[in-house]
1. Can you give the local net charge around Arg25? Use residues other than it whose beta-carbon is closer than 10 angstrom to its beta-carbon, Lys and Arg +1, Asp and Glu -1.
2. Ordering Ser140, Ser157 by accessible area with a probe of 1.4 Å, largest first, what comes out?
3. How far is it, in nm, from the label point at Arg277 to the one at Glu251 when both lie 7 Å from their Cα along the line to the Cβ?
4. Given a 1.4 Å probe and heavy atoms of the protein chains only, how would you sort Lys266, Lys167, largest accessible area at the top?
5. Treat segment 204-284 as a sphere of radius equal to its Kirkwood radius over Cα pairs and apply Stokes-Einstein at 20 °C in a medium of 1.002 mPa s; give the translational diffusion coefficient in µm²/s, rounded to a whole number.
6. So what's segment 86-138 giving for Cα Rg divided by 2.2 N^0.38 Å, two decimals?
7. Quick check for me: using +1 on Lys/Arg Cβ and -1 on Asp/Glu Cβ, what's the dipole size of segment 106-221 about its Cα centre, in debye to the nearest 20?
8. Among 95-102, 227-234, what's the highest-first ranking by average C-beta atoms within 10 angstrom per residue?
Amino acid sequence: MNFEQEEYRPEPAGPKTALVAIIGRPSAGKSTFLNTASGEPVSIVSPIPQTTRNAIRGIVNTSFGQLVFVDTPGYHISEKKLNLKLQQTAKDSLDAADCVLYVIDSTRETGEEEELTAELVKPFAAKTVIAVNKTDDPKSRPAETRLFIAKNLSEISGDRIYDISAKNDAGINEVLKALYDLSPVAPHLYPEEYYTDQEVGFRIAEVIRGEAINRLTQEIPHALFVDVSDMEFRKNGKELWVRAFICVERESQKGIVIGKGASMIKTIRVESLKKFRQIFDYRIDLDLQVKVVKNWRQKDVILTKMLS
């Protein structure tokens, strides 16, 4: 008895999905990349180094699949308790990731901090893409940056190194495509309409913190955190009432945050409300105050809660 041999048709590969850790020195442009790629303001962008404290997720959905980015704190040298916890957050994100995106600021000289960051990336070279950022800047030195990469990360081939400008959305698509090439075939982790998995309270606190640190002196930003103490939906779910505190370490800092005639705290509140209107489809009623939490950066209970 003869049987016709059926033509072999391979099953479709299915969508690609990856958890991508973004690593780099402070102010390398990691948060700007994440916001540009996600198309939404997911992470605080500030000229002040070490702004990102948590591993923040931004989600990119395209026809190639889903990339879930984790924006890690900028990796830097410091023995302070808060900074050590930030370093550990970055390391943990690399271990858990399917892919790694290493962002290098091409306008800054490489040195010990960049060498340590590259050393951290080295064990994950097989799953790493490098973005040489800020190439639109006149001070950019992409050739020198590539020499640094060749010396310290020779395991990463040139076809996984890209010149980009995260601010101007230049080279972003090429980086995303390279990450998809490294991504496993797997079901999506989130619905396609999601661009972040951050909880409402966290997003509100981050918006307030972003508005505060971009208006205060160099000393204050790292001495404050935002505590959302109460939230309650009102008016049949059309309005979310929020009580939040900008927490600082000293009374003198409290006065600076409040400002003359409460001008600073009013500005932070008004600008935060503007950002909320861009993010949420319901109204936010914000009760914003300032309080002193002495030496909070040395208290494990607060650091654990803040960085969890």
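The values are calculated or read from the model by the stated rules, or taken from the named source; none is laboratory data. Keep in mind it's a predicted model, so treat the numbers as computed, not measured. Cβ sites come from the backbone with ideal geometry, for glycine too, and all protein chains shown count toward neighbours. SASA here: full protein model, heavy atoms, side chains in, ligands and nucleic acids out. Shrake-Rupley method; radii C 1.70, N 1.55, O 1.52, S 1.80 Å.
1. Computed value for this residue: -1.
2. Ser157, Ser140
3. The answer from the label model is 3.9 nm.
4. Ranked from most to least accessible, the order is Lys167, Lys266.
5. 161 µm²/s
6. Taking the Cα Rg and dividing by 2.2 N^0.38 Å, one obtains 1.20.
7. In debye, rounded to 20, segment 106-221 gives about 180.
8. Descending mean neighbour count gives 95-102, 227-234.
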